[in-house]
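The values are calculated or read from the model by the stated rules, or taken from the named source; none is laboratory data. Nothing here was measured: the structure is a model prediction, and the numbers come from that model. Please note: Cβ atoms are built from the backbone with ideal geometry, for glycine as well, and neighbour counts cover all protein chains shown. Areas reflect the complete protein model, heavy atoms only, side chains present, ligands, DNA and RNA absent. Shrake-Rupley method; radii C 1.70, N 1.55, O 1.52, S 1.80 Å.
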Amino acid sequence: MRRLGIAILLLAGASSVSALAADAPMQPGLWMMHVSGTTKVSSPPVSTPMERSMQICVKAHQKPESVFLPAGSDRCTGSHKVLPDGKTQWTFHCQAPGASMTQVGWFQTSARHLNSHWVITAIVHSEAHYETVTDMQMQGTYLSAHCGKVK
C-alpha cells in the first residue's frame, strides 16, 4: 500500500494543472478540468482507476509546460513539437531523490476547450524497486473570465 501511495503522489505532482499553454489560444480565466485514467503498479500488481475534477485559474502568457508539470519542478526537462493534426506533443523527464519519471503526451486547445492524453511512467529506486504507469485523459472547459478565489 505504501508503494501505491508514493505512485499516487508522483501522479498528483505530474498531473497538477495550474496554467495556460502559451502556444495555444486558451481563454484566460476560470476553467474546469476533468482527469480520468488508470494507474498500474508493477509489484505487487495493482491497478487503480482515477477520476477527479478541479477548477483552475488560467493566466495569460504562461509557459506551455506549466500546464502539465508540477509547480516549482526544477528537476524536469522537456521537449515538444507540433503535430500535423494541430496537437502539441510533449516529453518530460524528471528526477527526484529515489525516483525518476517520464511523461509523454499531447494536448490540443481552443479558446474554450482543452483535450489531452498522457502516459506517465515512474520508477521508484528503493529497496522495494517498482514501476507505475499511468494512462490518463484530461478535458478542460472554460467557465468564466473571473477566477474568484481559485488561484
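Values computed for the structure shown
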item: Contacts under 7 angstrom Cβ, first residue in segment 73-88 being under 22 Å from Met101 (Cβ atoms), partner open to solvent by 50 Å² or more (accessible area, probe 1.4 Å) and of a type in the set (Val, Ile, Thr), 6 or more apart; result: Thr88/Val82
item: Filtered residues of segment 80-124 (kept if outside any strand (DSSP E or B) and surrounded by fewer than 13 Cβ atoms within 10 Å (Cβ to Cβ)); result: Leu83, Pro84, Asp85, Gly86, Pro97, Gly98, Ala111
item: Test: residue in segment 125-132 that is over 22 Å from Val46 (Cα atoms) and touching a helix residue (DSSP H, G or I) at 6+ places or on another chain (Cβ under 6 Å); result: no
item: Residues that are more than 22 Å from Val58 (Cβ to Cβ) and either modelled with pLDDT of 85 or more or among the β-branched types (Val, Ile, Thr) (or both), drawn from segment 71-96; result: Thr77, Ser79, Lys81, Leu83, Pro84, Asp85, Thr91, His93, Cys94, Gln95
item: Test: residue in segment 10-26 that is open to solvent by 50 Å² or more (accessible area, probe 1.4 Å), aliphatic (A, V, I, L, M) and modelled with pLDDT under 75; result: yes
item: Breaking point among (1) without any contact (Cβ under 8 Å) to a residue 60 or more places away in the chain; (2) assigned to a strand (DSSP E or B), for Glu131; result: (1)
